[in-house]
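The values are calculated or read from the model by the stated rules, or taken from the named source; none is laboratory data. Keep in mind that what you see is a predicted model, and the values were worked out from it rather than measured. All Cβ positions, even for glycine, are placed from backbone atoms using ideal geometry, and neighbour counts span all protein chains on display.
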Amino acid sequence: MPLVRPTDITQDERRARIRALGELMQEANLSAVLVGPTSSLRYFTGLSWSPSERFTGALLHQNGKVEYVTPGFERDKVQGAIGIPGDIHTWEEEESPYRLIADRLPRGKLGVDDQIALFTYLGLRHALPEERLADAGLLINRLRRQKSPAELALMTYAKALTLEVHRRAWKSLAPGVRASEVGRFIDNEHRALGADGGNAFCIVSFGEDTALPHGGETDRALSKGDVVVIDIGCRVGGYCSDITRTYVFGEPTKKVREVWRHEKEAQAAAFEAARPGIPCESVDAAARAVLQRFGYGPDYRLPGTPHRTGHGIGLDVHEAPNLVRGETTPLARGMCFSNEPTIVIPGEFGVRIEDHFHMTDSGPRWFTEPQPSLEDPFAGVTAWA
């Protein structure tokens, strides 16, 4: 039976986030932070907005005041979509939104959302002296990287939903089906189970295409004996899932069995290494030590794993910090990561098992249990009604 869908993030929680940001602004000597049409806009205000050349965003002041900036013709739409009340300031087509932003901040330094488009930052530089602009990315990430119980609940649900879609996709496979057809099936199943807008992304790979971590460019048809790698995700309440399963359509070869077992051991080693207080890079090192012991690599050389062991996840599928060499951020309660030390055998096949965990005070906890076997990839997964 499916889980009960959690409630979305409340207005009280968003207000608490804005207060916390205000405290960080005080420490950094910032008067306000400008968030653009990025996931951080949704994080703080509940407003989800697609980026374009016309700026829409929010000015979050150190004292907690929220002001929105948007084109005049979008005012009513913004008014109906915001989750935190605030004054809405509009600009017309011949006017500069950046001049309007500067006018709302007569003094002090402005922290800028690090995910905004370059043209937005350049526009701000025309409206404000460069010395009054600062990078607010580190401040925002300090809040976003440690998830609240409400965020963890939404992510738990999203990942359980995607795991069920994976199971249904596995059951649906048939000789000759094309990767694009499986992708459409997955999108329909995500929608049917209540995900926000179907697939957040979808990678379906068969045969040699599985040696390309993000899939091939051809729409390959499935054949008996093909390795299958499916990497998919959705959003629930804005929060992401991202799960990968690898299995064989037919009978696995001895080599595929061996590589799959190595991947399984590397994923387990990364999970065991994740302990509160250790740097993120230690998790990556633990997975790579296992892989190197089996003769892969070293480092990013192939055959082996061509990318980091894992990435942060939340409102974005990929968020900082990452489980990668050089990332010294200490693991702490509420941080969420993928665990996916992919093994690539060039020209032959690839194996990726990807699950996510979140940190507790006593160690990591899986959102979804890792794939139990190559032959029965969804053993123990209870089907949703």
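Give the range 48-62 a look and list any residue that's within 13 Å of ILE84 (Cα to Cα), surrounded by fewer than 24 Cβ atoms within 10 Å (Cβ to Cβ) and free of Cβ contacts under 8 Å to residues at least 40 places away in the same chain, or say none.
Within the range 48-62, no residue meets the criteria.
Please state which of the following conditions GLU258 fails to meet, knowing it meets all the rest: (1) free of Cβ contacts under 8 Å to residues at least 24 places away in the same chain; (2) within 21 Å of HIS318 (Cα to Cα); (3) among the charged types (D, E, K, R).
Tallying (1) free of Cβ contacts under 8 Å to residues at least 24 places away in the same chain; (2) within 21 Å of HIS318 (Cα to Cα); (3) among the charged types (D, E, K, R), GLU258 fails exactly one: (2).
At pLDDT 95 or above and in contact with a Pro (Cβ under 6 Å, 6 or more places away or on another chain): does that describe ALA117?
Judged against the criteria, ALA117 is not a match.
Only one residue in ALA320, ALA379, ALA385, ALA332 is touching a residue at least 40 places away in the same chain (Cβ under 8 Å) and not assigned by TED's automatic domain parsing to the domain that holds ALA158, so which one is that?
ALA385
Taking ARG333, is it basic (Lys, Arg) and within 20 Å of the chain's Cα centre (by Cα)?
When the stated conditions are applied, ARG333 passes them.
Restricting the search to the range 18-41, which residues are in a helix (DSSP H, G or I) and closer than 21 Å to LEU118 by Cβ?
SER39, SER40, LEU41
Select from the range 201-236 the residues that are of a type in the set (Gly, Ala, Ser), part of a strand (DSSP E or B) and surrounded by fewer than 20 Cβ atoms within 10 Å (Cβ to Cβ) and list them in ascending order.
ALA221
Take GLY238 and tell me if it is within 23 Å of PHE337 (Cα to Cα) and at pLDDT below 95.
no
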